[in-house]
Amino acid sequence: GQNIDQPTEMTATEGAIVQINCTYQTSGFNGLFWYQQHAGEAPTFLSYNVLDGLEEKGRFSSFLSRSKGYSYLLLKELQMKDSASYLCAVSSPSNSGYALNFGKGTSLLVTP
Amino acid sequence: NAGVTQTPKFQVLKTGQSMTLQCAQDMNHEYMSWYRQDPGMGLRLIHYSVGAGITDQGEVPNGYNVSRSTTEDFPLRLLSAAPSQTSVYFCASGDRGRATNEKLFFGSGTQLSVL
């Protein structure tokens, strides 16, 4: 089975740093993704981790520890436009190839 | 560049009616999938396909059928709509169906209401 957990909501101040955690228990692991979804829009890709460690991409970084079943997304220099839902997703092997399952998402509110 | 195209954007059905949600991609992606998104439930995988002629069930397949006769198209069929199927539906595609590190591209979504 798949179990992917994230906090439901977070609030942070413009210009600050926020860390969104994700823990997972899945039957097999092929990689972990983070997606951003603004209200009323489709999700868009942010990052991908398959090996342990930190992947940095501009203001966004993502960390993975496979032994702990743990990842986080770090957002630096927060901007108002970063207010969105952040979705953690795990790719796992399946009968026909692989399947990508999502957590319930973390709604981030950035305040002035 | 169209990307992933979903139609319709909005649909209202009566209980028991059938309909097909269309999804087409022009990126020659092997992997295609359908998700539903409900408040507080996140994105849940309904069905997916790693290539033409191959489909598989996700987390919540009951009440939905799919087929993949071409690389471009992956329609989702509701045979007898129920109020529990009221949701926002997203189609997504990715490159190289059996690779695991390819990001998904999402369509703009279909908001479905079943009365």
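Please treat every number below as a calculation from the coordinates, not as lab data. What you are looking at is a predicted structure, and each value in this text was computed from that prediction instead of being measured. Every residue, glycine as well, gets a Cβ built from its backbone with ideal geometry; the counts of neighbours run over all protein chains shown.
3J(HN,Hα) along the range B:103-115: 5, 9, 10, 9, x, 7, x, 10, 8, 10, 10, 10, 9 Hz, from the Karplus curve 6.51 cos²θ - 1.76 cosθ + 1.60 with θ = phi - 60°, whole Hz, x for Gly and Pro. Note: relative contact order over the range B:44-114, using C-alpha pairs below 8 Å and six or more positions apart, is 24 percent. Among A:8, A:23, the order by Cβ neighbours within 10 angstrom, fewest to most, reads A:8, A:23.
Against the compact-protein benchmark of 2.2 N^0.38 Å, the Cα-based radius of gyration of the range B:40-96 scales to 1.16. Working note: Debye formula, equal point scatterers on the alpha-carbon atoms of the range A:19-78, no solvent; log10 I(q)/I(0) at q = 0.22, 0.27, 0.28 Å⁻¹ is -0.90, -1.19, -1.24. Magnitude of the charge dipole for the protein assembly as shown, about its Cα centre and with charges confined to Cβ atoms of Lys, Arg (+1) and Asp, Glu (-1), is about 300 debye.
For the range B:24-37, putting each phi into the Karplus relation 6.51 cos²θ - 1.76 cosθ + 1.60 with θ = phi - 60° gives couplings of 9, 10, 10, 9, 6, 7, 7, 8, 9, 8, 10, 10, 10, 10 Hz, in residue order, rounded to whole numbers and with x for Gly and Pro. In straight-distance terms, cross-link reach from residue A:104 covers every one of the aspartates and glutamates whose alpha-carbon lies under 19 Å from its own, apart from those fewer than eight places away in the same chain; here that gives A:5, A:9, A:41, A:82, B:38, B:59.
Farthest toward the positive end of the dipole of chain B, out of B:48, B:31, B:63, is the Cα of B:63, where the dipole comes from beta carbon charges about the Cα centre. Seen from all directions on average, chain B presents a Cα convex hull projection of 6.7 nm². One Cα centroid belongs to the range A:87-108, the other to the range A:1-48; the line between them spans 10 Å.
Per residue, the average separation of C-alpha pairs within less than 8 Å and at least 6 apart gives chain A a relative contact order of 36 percent. Partners of residue A:57 within straight-line reach, counting lysines whose Cα lies under 16 Å from its Cα and excluding those fewer than 8 residues away in the same chain: A:76, B:103.
Across the protein assembly as shown, the convex hull enclosing all Cα atoms gives 118 Å³ per residue. Considering only B:76, B:21, B:13, the Gaussian network model of chain B with Cα springs below 10 Å gives its largest mean-square fluctuation to B:13.
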